[in-house]
């Protein structure tokens, strides 16, 4: 096969995508200008991961390109043109807290950057498959109005509700809710990717991620839940839990399992399709449960603090329903459960600090 472009290639999902695709394409073109360091500080720099990719794969070619800069993007797309078979778009401003600090930056990266990439794809390689990493935040705070019950360690949905067995599906409304500004910019990008598929007939897929995690995550307080939690567990740095008694629930999908979803879609693509993508009932935890698991793995008591103030628009309970994807791609399945994933994160962070 020809060329694959990966945006945000030094980030968690981008680097996993580049690594996975390296032996499947002639060239992997990575686009990443380490904006994550600007967003979250030196501890979140992805420069180490960019160097790792360059050292590991001879066919990985890195471009220090900002996806907001259309002229620089166009130069890349002009070089490779119709030889581009796949675009995996993972570059983003990923924090709903940070988005409120600089709304213009957040929207320009998440929405305008996505539009730039879609348009370059339409003009230079319209037959390529375009994969977009969206987020469960497109549903806003609507999940918080589900009937929830409190247990000893978590909030859980009422067992009589249709979402109890498999989680939230793609037909939950993304309208009439509080999204956070980050959620709103991702809604704009999400709908644009759908529209380029449905209106122009392009092969575009939207993957609305739960918590995306894995050993190559540069976790920081404002983004990278499990990676940052494990980092605090290892170093003894204080970790602050925000609201909901620490019983808020997330499903967590290993970066490898998500990229494998991308691969299945690439091999049999659709136009403007949307999938929820998370750990589902296979891999999920509350904050309290995650702390306990980190303590088990590190064999150390964590230094935690609690704030009654929850993050604006934050979910109390969110578990992804992947039945639609599994129906379309029945050969796909999860490989990494939560303890395996956290153990990998522990081992990776321990080597880097």
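The values are calculated or read from the model by the stated rules, or taken from the named source; none is laboratory data. Note that the coordinates shown come from a computational prediction; the quantities given were computed from them, not determined experimentally. Here the Cβ positions follow ideal geometry from the backbone for every residue, glycine too, while neighbour counts run over all protein chains shown.
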Single condition residue 12 does not satisfy, out of (1) out of contact with any helix residue (DSSP H, G or I) (no Cβ under 6 Å at 6 or more places or on another chain); (2) surrounded by 17 or more Cβ atoms within 10 Å (Cβ to Cβ); (3) within 19 Å of residue 345 (Cα to Cα); (4) at pLDDT below 95: (1)
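Restricted to the range 133-154, and to residues that are touching a helix residue (DSSP H, G or I) at 6+ places or on another chain (Cβ under 7 Å) and surrounded by 19 or more Cβ atoms within 10 Å (Cβ to Cβ), which residue is nearest to residue 16 (Cα to Cα)? Before the answer, list the steps.
First, pick out the residues of the range 133-154 that are touching a helix residue (DSSP H, G or I) at 6+ places or on another chain (Cβ under 7 Å): 133-135, 137-138, 140, 146, 153-154.
Restricting the remaining residues to those that are surrounded by 19 or more Cβ atoms within 10 Å (Cβ to Cβ) gives 133-135, 137-138, 140, 154.
Values: 133: 13, 134: 16, 135: 18, 137: 22, 138: 23, 140: 27, 154: 31 Å.
Checking each candidate, the answer is 133.
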Identity of the residue in the range 24-33, outside any strand (DSSP E or B) and buried (at least 19 other Cβ atoms within 10 Å of the Cβ), that ends up nearest to the chain's Cα centre (by Cα): 32
Those residues of the range 320-347 that are buried (at least 16 other Cβ atoms within 10 Å of the Cβ) and either more than 15 Å from residue 258 (Cα to Cα) or modelled with pLDDT under 95 (or both) come to a total of 5
Quick one: in the range 112-145, which of the residues that are over 21 Å from the mean Cα position of the chain (by Cα) and assigned to a loop (DSSP other than H, G, I, E, B) is nearest to residue 213 (Cα to Cα)? 128
Residue 315 fails exactly one of the following numbered conditions: (1) surrounded by fewer than 16 Cβ atoms within 10 Å (Cβ to Cβ); (2) under 17 Å from the mean Cα position of the chain (by Cα). What is the number of that condition? (1)
Under 8 Å between Cβ atoms, which residue pairs at least 6 apart in sequence (or on different chains) link something in the range 268-283 that is on the phi > 0 side of the Ramachandran plot and in a loop (DSSP other than H, G, I, E, B) with a partner that is at pLDDT 95 or above and surrounded by fewer than 20 Cβ atoms within 10 Å (Cβ to Cβ)? 272/194; 272/195; 272/198; 280/166; 280/334
Mind counting the residues in the range 34-58 that are surrounded by 21 or more Cβ atoms within 10 Å (Cβ to Cβ), modelled with pLDDT of 95 or more and in a loop (DSSP other than H, G, I, E, B)? 0
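Out of the residues in the range 299-309 that are surrounded by fewer than 16 Cβ atoms within 10 Å (Cβ to Cβ) and either touching a residue at least 12 places away in the same chain (Cβ under 8 Å) or touching a strand residue (DSSP E or B) at 6+ places or on another chain (Cβ under 9 Å) (or both), state the one that is farthest from residue 184 (Cα to Cα).
Start the filter on the range 299-309 by keeping residues that are surrounded by fewer than 16 Cβ atoms within 10 Å (Cβ to Cβ), which leaves 299-301, 303, 305-309.
Filter once more, keeping what is either touching a residue at least 12 places away in the same chain (Cβ under 8 Å) or touching a strand residue (DSSP E or B) at 6+ places or on another chain (Cβ under 9 Å) (or both): 300, 303, 305-309.
Values: 300: 39, 303: 34, 305: 30, 306: 28, 307: 25, 308: 25, 309: 22 Å.
Of everything passing the filter in the range 299-309, 300 is farthest from residue 184 (Cα to Cα).
Taking the criterion of being surrounded by fewer than 21 Cβ atoms within 10 Å (Cβ to Cβ) and closer than 25 Å to residue 10 by Cβ, would at least one residue in the range 177-189 satisfy it? Walk me through how you get there before you give the answer.
If we filter the range 177-189 for residues that are surrounded by fewer than 21 Cβ atoms within 10 Å (Cβ to Cβ), which is where we start, we get 177-178, 188.
Going one step further and asking which of them are closer than 25 Å to residue 10 by Cβ, we end up with 188.
Yes: one or more hits.
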Can you name the residue in the range 238-267 that is part of a loop (DSSP other than H, G, I, E, B) and touching a helix residue (DSSP H, G or I) at 6+ places or on another chain (Cβ under 9 Å) and, of all such residues, is farthest from residue 136 (Cα to Cα)? 238
How many of the residues making up the range 179-216 are at pLDDT 95 or above and assigned to a loop (DSSP other than H, G, I, E, B)? 2
Which numbered condition trips up residue 273, out of (1) touching a helix residue (DSSP H, G or I) at 6+ places or on another chain (Cβ under 6 Å); (2) within 30 Å of residue 197 (Cα to Cα)? (1)
It is to be established whether one or more residues within the range 289-298 are in contact with a helix residue (DSSP H, G or I) (Cβ under 9 Å, 6 or more places away or on another chain), surrounded by 14 or more Cβ atoms within 10 Å (Cβ to Cβ) and either modelled with pLDDT under 95 or part of a loop (DSSP other than H, G, I, E, B) (or both). no
